[in-house]
Amino acid sequence: MKAGNTIRLKIDNTLTQDATGTMAFLQFEKMGIDKVKCKAVSYVDHNTMQTGFMNADDHKYLQTVANRYGVLFSKAGNGICHQVQLERFDKPGETLLGSDSHTPTGGGMGMIAIGAGGLDVACAMAGIPYTLQLPQVVNVHLTGSLRSGVSAKDIILKVLSIKSVKGGVGKIFEYSGEGIKTLSVPERSTITNMGAELGATTSLFPSDENTKEFLEKQGRGEDYIPLQPDENAEYDEVIEINLSELEPLIAAPHSPDNVQKVSEVAGQKVDQVCIGSCTNSSFTDLCNVANILKGKKVHPDVSLTISFGSKQVLNMLAQNGALTDIISSGARLLEAACGPCIGMGQSPKSDGVSLRTFNRNFYGRSGTMSANVYLVSPETAAISAINGYISDASDIDYEKVSLPDEYYIDDSGIIQPDMDPEKPIIKGPNIKDVPIGKPLSAIDKKVMIKVEDNITTDHIIPGGSNVLPFRSNIEKISDFTFSQIDPDFSLRCTQNAGGIIIAGENYGQGSSREHAALAPLYLGIRAVIAKSYARIHKQNLINSAIIPLLFINNDAYEKIDLLDELEILDIENLAINQTYKVYNKTKDFTFEVKHDLSEEQIQIIKNGGLLNTIKLSQKE
């Protein structure tokens with residue numbers, strides 16, 4: 001159990017959602033497995049707008065394929081996958097692999113919950129252990145308690161300000177200390193959810209009396225087991241945070257780690273406020289919002305939207321009267337779904353300032369390229385919507401809500417599978433076959449794009465209502481690859497039969513969307529040479545047989561330009577712990593690259609990707 005060693009992890013649970021799940025199940029079908037080998041839930045929560053036939057067709061495919069293979073199906077409107085999973089399925093002491101980068105939400109329940117690409121999740125559903133490098137463990141030691149107006153969102157923003165969006169790569173963040181006793185499971189899950197923005201493998205809280213209370217109130221008391229770190233536990237790093245000293249924080253455009261104190265930007269005019277997302281749409285979050293809005297009106301110049309985390313949350317707000325307070329304030333009610341967080345509607349006006357309780361404020365993610373998007377707590381969002389400008393929630397008096405006496409249970413939106421082989425798996429005309437990689441061979445290709453640091457999967461494959469309907473059609477979605485920063489990328493790849501991507505630090509950060517590797521695969525991308533990679537995207541590249549190489553000397557990055565022809569010498573003999581020379585034929589110079597691939601990852605690339613590797617193993 002040494003950090004950096006390759007381990008194989010048994011997976012107890014999987015989750016998929018409609019933006020990534022269609023591809024995961026298309027890949028699962030190719031494996032020839034008769035039923036899933038773990039507890040699995042398929043959610044529809046990302047693209048519920050159903051503009052055109054494509055989305056509805058995908059939802060029907062997901063329901064019918066789930067029914068065939070023994071997967072629970074959560075219908076559109078039942079809620080956001082991570083919120084529903086926390087309410088109804090997460091169990092302390094179990095493992096969860098999800099085709100969504102915010103799967104670590106389950107860490108608030110004492111789970112090892114990890115986000116991954118769709119193919120890795122399909123493999124877990126087939127009973128194949130998940131392979132990863134054992135992370136380092138960072139202990140975040142919390143003392144004190146939060147003051148009024150300061151919330152769990154401010155805790156994770158503080159951690160991001162310390163570690164940055166790449167500071168958690170190859171690490172698990174484990175929370176401890178007297179301070180955690182003051183945090184409920186919904187508050188803990190806010191922290192573990194947004195821990196994904198650190199680039200962390202996952203984040204984790206102990207399973208204690210607070211966990212037991214939440215499970216009992218969800219009618220799942222039998223799922224509780226206590227889990228604590230050993231008294232002599234050793235950590236690779238320790239971060240100390242005194243909750244009593246925290247004040248409201250805000251992440252300024254365009255990165256979750258661009259953190260400032262709310263007091264430093266207070267008074268700035270706001271055009272839009274969006275409350276919700278898998279980070280901040282729990283019953284307690286929205287009750288706190290309702291208490292701040294009660295008896296007040298949203299500022300005339302502000303559009304306030306509320307997205308509910310689940311049908312359970314919406315029902316309970318209706319029952320206790322909080323929904324009436326929200327409606328009376330002038331807020332706009334959206335569906336229990338991801339909504340604006342994934343770019344599905346509610347784009348701000350040109351040059352608009354939007355405050356969001358979401359987890360990401362990447363450039364262009366809102367759908368308005370000129371917008372300035374800030375990340376804040378629900379409390380900061382609510383008071384700012386009333387005032388019309390960024391406001392400090394610690395200056396107001398409101399009642400902070402604790403967990404209810406019991407949660408309202410209605411699982412009718414979760415469909416049980418009957419696995420009837422006579423019922424067809426229905427695939428609409430927009431659902432196309434999965435692209436398959438080719439076995440490794442010599443690479444002599446031109447540079448198709450050169451990008452800077454912290455390129456996100458949103459940069460590679462944008463979200464939003466124009467793109468997501470083609471999530472089951474790689475041929476079509478490939479037209480949008482890098483479209484926000486280089487509209488000619490797809491055409492250039494077609495004209496040159498593919499090529500190589502040059503990138504800076506933390507390439508591929510953000511979501512788990514596998515399309516950010518599958519679309520480049522379809523367009524003929526053979527390799528990426530970067531200064532460093534985000535964890536999930538790197539594995540998605542490997543699974544697609546695209547080689548993730550690393551600059552040895554970052555000065556070489558500066559010398560390479562678009563359409564330079566690069567020959568990666570002897571790469572067809574890819575081996576562990578080897579370096580390779582790259583000859584820039586256009587500029588007549590040579591530089592060296594390396595990789596940090598395991599033997600297993602090398603073999604996947606040599607075989608032409610993970611699906612080919614699975615097929616070969618089945619023949620053996």
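Among the residues of the range 581-620, those that are free of Cβ contacts under 8 Å to residues at least 60 places away in the same chain, assigned to a loop (DSSP other than H, G, I, E, B) and out of contact with any strand residue (DSSP E or B) (no Cβ under 6 Å at 6 or more places or on another chain) comprise K587, D588, D596, L597, E620.
Failed condition for K559, given (1) surrounded by fewer than 24 Cβ atoms within 10 Å (Cβ to Cβ); (2) in contact (Cβ under 8 Å) with a residue 40 or more places away in the chain, with all others met? So the condition that K559 fails would be (2).
Of these, Y374, Y408, which one is hydroxyl-bearing (S, T, Y), farther than 20 Å from S189 by Cα and either modelled with pLDDT of 95 or more or not in a loop (DSSP other than H, G, I, E, B) (or both)?
Result of the check over Y374, Y408: Y374.
Only one of the listed residues (V273, V353) is modelled with pLDDT of 95 or more, surrounded by fewer than 24 Cβ atoms within 10 Å (Cβ to Cβ) and of a type outside the set (S, T, N, Q). That residue is V353. Here T190, T201, T143 are screened, and the one residue that is closer than 25 Å to P226 by Cβ, touching a residue at least 12 places away in the same chain (Cβ under 8 Å) and surrounded by fewer than 24 Cβ atoms within 10 Å (Cβ to Cβ) is T143. Looking at A122, A152, just one residue is surrounded by 20 or more Cβ atoms within 10 Å (Cβ to Cβ) and either polar (S, T, N, Q) or in contact with a Phe, Trp or Tyr (Cβ under 9 Å, 6 or more places away or on another chain) (or both), and that residue is A122.
If we scan the range 60-73, do we find a residue that is surrounded by 24 or more Cβ atoms within 10 Å (Cβ to Cβ), touching a Ser or Thr at 6+ places or on another chain (Cβ under 9 Å) and of a type in the set (G, A, S)? Yes - at least one qualifying residue is present in the range 60-73. Looking only at the range 74-88, which residues are in contact with a strand residue (DSSP E or B) (Cβ under 8 Å, 6 or more places away or on another chain) and surrounded by fewer than 23 Cβ atoms within 10 Å (Cβ to Cβ)? Within the range 74-88, K75, R88 meet the criteria. Annotation for the range 451-462: no member residue is part of a loop (DSSP other than H, G, I, E, B), farther than 25 Å from G117 by Cα and in contact (Cβ under 8 Å) with a residue 60 or more places away in the chain.
With within 30 Å of Q578 (Cβ to Cβ) and under 24 Å from the mean Cα position of the chain (by Cα) as the only criterion, which of S544, S465 stands out?
Values: S465 fails: within 30 Å of Q578 (Cβ to Cβ).
From the options S544, S465, the qualifying one is S544.
Taking helices (runs of 4 or more DSSP H) as the structural unit, those lying wholly within the range 248-340 and holding at least 2 residues that are under 26 Å from S350 (Cβ atoms) and aliphatic (A, V, I, L, M) correspond to 262-265.
If you go through the range 579-620 and keep only what is more than 20 Å from N554 (Cβ to Cβ) and polar (S, T, N, Q), you end up with S598, Q601, Q603, N607, N612, T613, S617, Q618.
A Cβ distance below 6 Å, combined with a sequence gap of six or more or placement on separate chains, defines the contacts here; from the range 342-360, residues that are within 20 Å of N387 (Cα to Cα) reach no residue that is surrounded by fewer than 18 Cβ atoms within 10 Å (Cβ to Cβ) and hydrophobic (A, V, I, L, M, F, W, C). Just give me the residues in the range 50-83 being part of a helix (DSSP H, G or I) and in contact with a helix residue (DSSP H, G or I) (Cβ under 8 Å, 6 or more places away or on another chain), in sequence order. If the condition is that a residue be part of a helix (DSSP H, G or I) and in contact with a helix residue (DSSP H, G or I) (Cβ under 8 Å, 6 or more places away or on another chain), then M54, N55, D58, H59, Y61, L62, V65, A66, Y69, H82, Q83 are the ones that fit.
Determine if the range 364-382 includes at least one residue that is farther than 28 Å from S465 by Cα, assigned by TED's automatic domain parsing to the domain that holds K294 and touching a strand residue (DSSP E or B) at 6+ places or on another chain (Cβ under 6 Å). For the range 364-382, residues farther than 28 Å from S465 by Cα, assigned by TED's automatic domain parsing to the domain that holds K294 and touching a strand residue (DSSP E or B) at 6+ places or on another chain (Cβ under 6 Å): absent. For the range 437-450, indicate whether the set of residues that are buried (at least 23 other Cβ atoms within 10 Å of the Cβ), under 23 Å from S347 (Cα atoms) and touching a helix residue (DSSP H, G or I) at 6+ places or on another chain (Cβ under 6 Å) is non-empty. Looking for residues that are buried (at least 23 other Cβ atoms within 10 Å of the Cβ), under 23 Å from S347 (Cα atoms) and touching a helix residue (DSSP H, G or I) at 6+ places or on another chain (Cβ under 6 Å), one finds none in the range 437-450, hence no.
The values are calculated or read from the model by the stated rules, or taken from the named source; none is laboratory data. All values reported here derive from a predicted model rather than from experimental measurement. Backbone-built Cβ (ideal geometry, glycine too); neighbour counts: all protein chains shown.
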